[in-house]
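> Structure below; questions to follow.
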Amino acid sequence: MLWTVIGSVAGTLVLGDEHPATLAARDNLARVTGLQGRHREAEPMFREVLAEQEKLLGGQHPDTVRTRARLERITARPRAAR
């Protein structure tokens, strides 16, 4: 997890917030957060990344599709589990 956070921060500083690699790192951070059972934290992270990906990459880009699927899995959980 620490490496993901460092990579995400470093990617933002070097590549910028809207670079596809930075968005991929942010998506991975949201994924790891969700895998840790921290779904309430992961959901807004996924939503932010998805909005940026749709704007920059388009709705059919593989990265956008993957993030959307991950968000759907998080939001499909019962409210108590999130």
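> Can you find a residue in segment 65-74 that is modelled with pLDDT under 95 and touching a Ser or Thr at 6+ places or on another chain (Cβ under 7 Å)?
no
> On the given criteria, is GLU43 surrounded by 14 or more Cβ atoms within 10 Å (Cβ to Cβ), more than 15 Å from ALA69 (Cβ to Cβ) and at pLDDT 95 or above?
When the stated conditions are applied, GLU43 does not pass them.
> Step by step: first the residues of segment 35-51, then only those that are more than 10 Å from the chain's Cα centre (by Cα) and touching a residue at least 12 places away in the same chain (Cβ under 8 Å), then the one that is farthest from ARG77 (Cα to Cα). Which residue is that?
Ranking the candidates gives GLN36 first.
The values are calculated or read from the model by the stated rules, or taken from the named source; none is laboratory data. Every value quoted in this text rests on a predicted model; they were computed, and no experiment measured them. Every residue, glycine among them, receives a Cβ derived from its backbone with ideal geometry; neighbour counts consider all protein chains shown.
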